[in-house]
Amino acid sequence: MNEKKHQRAGGKKAGKMAVGRWPEMEKLLYTAYQKPREERKTLRRGWLRKVAIKSFIAAYPEKDVSCFVFSNEWFAGFLAQHHISIRLTTNKSQKIPSDNISICVK
């Protein structure tokens, strides 16, 4: 009998957790990311880049910072690995100033 084994979408690597090139730095970066997010603060790419460089220096003091490249691919992989999505606010709800309420009511 010729039976084929069915693979999940994604082939052999499906379901495996990727390990980054700089695991200690990524661990420090994710830990630093969690505190402001618990406080519901919005974090952007620039903040993550700055903290990633500081985390790299802390995790690998013997290495030159130029070894770490904050590329689009690395950044996308880090976000995907840690289930982070960077979102922009589109329409921020605003409170109507009390002096303008009378204009709106008429």
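Flag: residue 48 does not match the condition of being in a helix (DSSP H, G or I), touching a residue at least 40 places away in the same chain (Cβ under 8 Å) and surrounded by 15 or more Cβ atoms within 10 Å (Cβ to Cβ).
Looking across 85, 55, 102, one residue alone is hydroxyl-bearing (Ser, Thr, Tyr), in a helix (DSSP H, G or I) and modelled with pLDDT of 70 or more. It is 55.
The values are calculated or read from the model by the stated rules, or taken from the named source; none is laboratory data. If you're wondering where the values come from, they're calculated on a predicted model, not measured in any experiment. Every residue, glycine among them, receives a Cβ derived from its backbone with ideal geometry; neighbour counts consider all protein chains shown.
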